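Input: a single structure, listed below in structure tokens.
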Amino acid sequence: MVIDRINFLKDEINRANYLYYVEDDPSISDFDYDKMFAELKQLESEHPELVTPDSPTQRVGSVSEKFFPYKHKYRLYSLDNTYKYSDLKDWYKKIDKDYPNQEVVCELKIDGLAIALTYENGILVRGVTRGDGITGEDITNNLKTIKTIPLKLFEPADIEVRGEIFMPKSSFEKLNEENSANGERLFANPRNAASGSIRQLDSTITAKRDLSMFCYTAIFTGQSENAPKTHFENLMYLKKLGFNTNPNIKLCKNIDEAIKYCEEWDKKRFELDYATDGVVIKINDLAVQQELGFTARAPKWATAFKFPPEEACTTLTGIEQSIGKTGAITPVALLEPVNLCGSTISRANIYNFDEVRRLDVRIGDKVFIKKAAEIIPKIVSVVRDEEHFNRKPIEIPKLCPSCGSVLHPHPGEVNLYCENPECPGIVCAKIEYWVSKEAMNLENIGPAIIKLLYDKGYVKSFVDLYKLSTEDFMKLPSIKEKSASNMYNSIQNSKNNPLSRFICALGIRNVGKETANILAEEFGTLENFLNASPEDLYRLEGVGDVTADEIYKFITDSKTKEMIEDFKQLGINPAAQNLNTSSELKGLTFVLTGTLQNMTRDEASELIRKMGGKTASSVSKNTSYVIAGENAGSKLDKAQKLGVIILNENEFLKMTEGKNI
């Protein structure tokens, strides 16, 4: 019968896919595989009623208009992590008090995208992104294109499988080579490439991107007497069902063995064809896992060891002078491109010319770079070989690189400043800040577009953005109607942005996001803010006297009043913002420093404000708590000197855990 032949072909092709993509052990020739696949397609075209979701022909879907949110049946938690082996021992010691001599499973931490796959009776029915851990996006059609994700399991099972989608390094390099040849944008690293590929509305594009998946756990949604009793057995069972598990998983007797595993892979990880940034360590006994449970964001029975940031050596090819919205001139190192932590780096921060002197960096020097907080590349040292001393030291600039005005230092500061208010560099920098994510968040309008608008005379201030038409954008090189419409709509939609964003976007000296939030919450409306007295500003917690003076000087300036009147005429009406949904943290002021692992600093700030607390950008005697993440800097030092209570991220999460927000 036709149905028997179709079922036979599906099973054979699915098994061949598993052996080829998971086991790396092809069972049949390409010719035989293509022949079976063609026969299956032909039979299904003749009998469309026999096409099922588990058919290999269904791996390439169609074009979707959008992805839809889907609430996870079982929450996807984050992981606590550390860079210190002593922390791993402390974590294990804490568990060992109540559950002695526990085995642990070590798995390489894949730098990819977490997903949840749902199987009913062995058939893939849904694939969802992690999202915020509670709600993700349904991307089932795209996930079906990934050959290491089985459409049908070797045994029927009701199961939810968690995995990490990644792009092999070799595939990433090939993709960037193809994009370069076609004049398309290059991806920064394999993770970005995987992320961009998995969220394509056209799943045929996803299918071409050579993505893969390692699964790392499963939840049995149906009753099963034979369900695994340990995490290691769980992984072996997943492999038996047809899933791709990482071949470097190791069962360890204790934390000392786990630490040896971490030390081993810290050296060997660069030999792999996929990016890994650490090791995940889990208690093996599933019953113990269940008893240990979870914190608000992470399992107590698992933790992650992060590999220390990688350093790379390259050559300094030049120094570019960048000008900011305040007129500050910042040196930026131009580098011979080098790979660092999965990204190609060609620029790095030097911060100021005092740092140029301290490093004694010279054009042509070999320099070592690393990522500060694993995000921003910076020069950490210079190779002082014989050639270094034969090169000329970098001269400190005397004139503005944008307008040629004489640069001036400010008392007590290391930066040099251009003080020409009409300087093209400053004007463009102010507009760039206005449209930035931190400020008014105008999508689709970047520095290149702003420079074109400025050069053509369309925009000389951020007020002018609101005078532009779709046709004005279409007069720019290579801008088509759809892009022009998107930029115009983005500007129009920002007219009623929250007051905090508007104040932040104004670029008042010393006023960033935290201070803008304090001002917006205190004064409520734009009119009240503009009518604030010096006394009103001085009494605000988190706003120092120097900043208060800068704010008052700005709001009373005749040019500011003229600008605000222009905004009103153009229909800009910032909305009052009241984020508070509880008063649990009322009266408390927090300062955040360093990199948080389970949330961004912006997310932490928003959580604090929702609970009635305040955030400040600097530490003072009025600071209630400092929340210190990885690579915390001078704010942590100041908090220690002032005796301010310091919380790590987990302590902060415990403080907010279970609150009614």
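The values are calculated or read from the model by the stated rules, or taken from the named source; none is laboratory data. As the structure is a computational prediction, the values presented were derived from the model and not from experiment. Positions of Cβ are backbone-derived with ideal geometry, glycine not excepted, and every protein chain shown enters the neighbour counts.
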Matching residues, the range 115-148, being in a strand (DSSP E or B) and of a type in the set (Val, Ile, Thr) = ILE115, THR118, ILE123, VAL125, VAL128, THR129, THR135
PHE187 passes all but one of (1) out of contact with any Phe, Trp or Tyr (no Cβ under 8 Å at 6 or more places or on another chain); (2) at pLDDT below 85; (3) of a type in the set (A, V, I, L, M, F, W, C); which number fails?
-> (1)
State which residue pairs qualify: first residue within 13 Å of LYS89 (Cα to Cα) and inside the range 252-277, second residue surrounded by fewer than 20 Cβ atoms within 10 Å (Cβ to Cβ) and among the acidic types (Asp, Glu) in any location, beta carbons under 8 Å apart, and separation of 6 or more residues or different chains.
-> ASN254/GLU103
Which condition number in (1) under 14 Å from PRO574 (Cβ atoms); (2) not assigned by TED's automatic domain parsing to the domain that holds LYS451 is the one that GLY512 fails?
-> (1)
Tell me, which residue of the range 618-650 that is surrounded by fewer than 20 Cβ atoms within 10 Å (Cβ to Cβ) and either in contact (Cβ under 8 Å) with a residue 60 or more places away in the chain or among the aromatic types (Phe, Trp, Tyr) (or both) is farthest from LYS84 (Cα to Cα)?
-> ASN622
If we scan the range 555-568, do we find a residue that is touching a strand residue (DSSP E or B) at 6+ places or on another chain (Cβ under 6 Å), surrounded by 14 or more Cβ atoms within 10 Å (Cβ to Cβ) and touching a residue at least 12 places away in the same chain (Cβ under 8 Å)?
-> no
Candidates ILE165, ILE139, ILE146, ILE134 - the one that is in contact with a Phe, Trp or Tyr (Cβ under 7 Å, 6 or more places away or on another chain) and in contact (Cβ under 8 Å) with a residue 12 or more places away in the chain | ILE139
Go through (1) within 30 Å of ASN486 (Cα to Cα); (2) surrounded by 15 or more Cβ atoms within 10 Å (Cβ to Cβ); (3) small (Gly, Ala, Ser); (4) out of contact with any Gly (no Cβ under 8 Å at 6 or more places or on another chain) and name the single condition SER405 misses.
-> (1)
List the pairs whose first member sits in the range 524-549 and is surrounded by fewer than 18 Cβ atoms within 10 Å (Cβ to Cβ), whose second member is at pLDDT below 85 and part of a loop (DSSP other than H, G, I, E, B), and whose Cβ atoms are under 6 Å apart, counting only residues at least 6 apart or on separate chains?
-> GLY524/ALA576; THR525/ALA576; GLU541/ASN622
Which residues, taken from the range 98-114, are more than 19 Å from THR82 (Cβ to Cβ) and either in contact with a helix residue (DSSP H, G or I) (Cβ under 8 Å, 6 or more places away or on another chain) or outside any strand (DSSP E or B) (or both)?
-> ASP98, TYR99, PRO100, ASN101, GLU103, GLY112, LEU113
Give me a count of the residues in the range 103-150 that are of a type in the set (Phe, Trp, Tyr) and within 24 Å of the chain's Cα centre (by Cα).
-> 0
